[in-house]
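What follows is one structure encoded as structure tokens, with my remarks underneath.
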Amino acid sequence: MSRKLFGTDGVRGKANSYPMTAEIALKLGAAAGRYFRKDGLNRHRVVIGKDTRLSGYMLENALTAGLTSTGMNVLLLGPVPTPAVGLLTHSMRADLGIMISASHNPHYDNGIKFFGPDGFKLSDEAEIEIEAMLEGEVRPAQPNNIGRARRIDDGRGRYIEYAKTTFPGKRRLSGMKIVVDCANGAAYKAAPEVLWELGAEVIPVGVSPNGFNINEGCGSTHTQTAAETIVQHGADVGICLDGDADRVMILDENGRVADGDQIMALLATSWAESGKLAGNTLVATFMSNLGLERYLAGKGINLHRTAVGDRYVVEAMRAGGFNLGGEQSGHIVMTDYGTTGDGLVAGLQFLSEMAHRELPASKLVQSFERCPQLLKNVRFEAGNDPRDTKAVKAAIVEGESRIKANGRLLIRASGTEPLIRVMGESEDENLLHEVVDSIVDAISAAG
């Protein structure tokens, strides 16, 4: 059985439209509650966090109703980063964790992500079973077994203390001026507090959420605001998070951006030198730049590639016993510190390298030369995958034959939106544009 409701990162869509309706959230909560409830036990806990979207209130209440109807006790964290949900699910001995967020998407989207009792995101198999239960009739709890809901006031504080423990105890950020862009999202209070408590002079950006401005002109997908702020204030470095703070972009003192590939290259090299890199291997997705692969090979470090999605990175890390992985988009996963991508903690590791090496950010944001890469997105009508047409298949075969000698091609469907992503890499930029554009044209004509 394949998944219809779940994508690569939970359930996601436009708020108040299928599947992001109160009705579906209630049913999803009931199905997840029944899946995780262990009959015969009196304690059944679920922690729920969210970002700052207006629709978060609606989905939080609907999920709570569904969960309590099956006997689950719900602990409401309020706005916290996604990694805080993974952390607190495990530390509070909960059966299930839920994050309400659409990550880097605009405010009108939302999503629901699930974490198991170990703090890691659910497997495909678990999501398939929950989806199957949702399509049937979920058995409710008896009246005397209905669950309760309560607010947890110190969830953010617990995460702040955890985040600080990932920064070396003998190092401080004193004398460092840091711009932190919180995307008007889940980390709008936690990230500035962590940096300030570690001694930095903090210049916050994107810390005035109003329910509608999450990721709007700020955050990891819109770094220009942070770059301008860095130059204006003469800051040493910038940390740009996304709406749920599970991804990060680092900016140097000139506003130049280091994406996830560059951050992973820096950390992998440092960890390998210190003997900390488990299996001498970095785990990344097929989207990571060819330049990263070549750079790591030159350092004697292995690169293990996975399907796109931080959940698949984590699965490969756990299966292989590796402790560092991530995505070009800024998901950096360090299983020594957490169970999922953590933008703030990844930023702290970069700051630690700055402090340890006594180097400016500009000396650390570009470990390798990127191979020319081109990514184009083509929107299509949901349920009608244009890759199945003969014309698109032919265009892909021709493109692969032309580019394979000095590059690579990757065509995939987005796991969160009705988009086909066409990505190519080649030292020959003219050829790169020709191949990608020909495939994009074929998909557009078919879609």
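For the range 78-98, a residue qualifies if it is open to solvent by 10 Å² or more (accessible area, probe 1.4 Å), among the polar types (S, T, N, Q) and closer than 18 Å to TYR188 by Cβ, but none of them does.
Yes or no, residue by residue, for (1) among the basic types (Lys, Arg); (2) buried (at least 22 other Cβ atoms within 10 Å of the Cβ); (3) modelled with pLDDT under 95:
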site	(1), (2), (3)
ALA22	no, no, no
ALA30	no, yes, no
TYR35	no, no, yes
GLY40	no, no, yes
TYR57	no, no, no
ILE100	no, yes, no
PRO106	no, no, no
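Filtering LEU324, LEU290 for residues that are out of contact with any Cys (no Cβ under 8 Å at 6 or more places or on another chain) and not small (Gly, Ala, Ser) leaves a single hit, LEU324. Report yes if some residue within the range 407-426 is touching a helix residue (DSSP H, G or I) at 6+ places or on another chain (Cβ under 8 Å), of a type in the set (A, V, I, L, M, F, W, C), in a helix (DSSP H, G or I) and open to solvent by less than 20 Å² (accessible area, probe 1.4 Å); otherwise report no. Looking for residues that are touching a helix residue (DSSP H, G or I) at 6+ places or on another chain (Cβ under 8 Å), of a type in the set (A, V, I, L, M, F, W, C), in a helix (DSSP H, G or I) and open to solvent by less than 20 Å² (accessible area, probe 1.4 Å), one finds none in the range 407-426, hence no. Residues in the range 42-55 that are assigned to a loop (DSSP other than H, G, I, E, B) and at pLDDT 95 or above: how many? Qualifying residue count for the region: 4.
Restricting attention to the range 238-283 and to residues that are outside any helix (DSSP H, G or I), of a type in the set (Val, Ile, Thr) and open to solvent by less than 40 Å² (accessible area, probe 1.4 Å), the residue that is nearest to TRP196 (Cα to Cα) turns out to be ILE239.
Screening ALA132 against (1) within 17 Å of the chain's Cα centre (by Cα); (2) at pLDDT below 95; (3) not acidic (Asp, Glu) leaves a single unmet condition, (1).
The values are calculated or read from the model by the stated rules, or taken from the named source; none is laboratory data. On a predicted model such as this, the values are computed, not experimentally measured, just so you know. Don't worry about glycine lacking a Cβ; one is built from the backbone with ideal geometry, like all the others, and counts go over all protein chains shown. Accessible surface areas use protein heavy atoms only, side chains included; no ligands, DNA or RNA. Shrake-Rupley method; radii C 1.70, N 1.55, O 1.52, S 1.80 Å.
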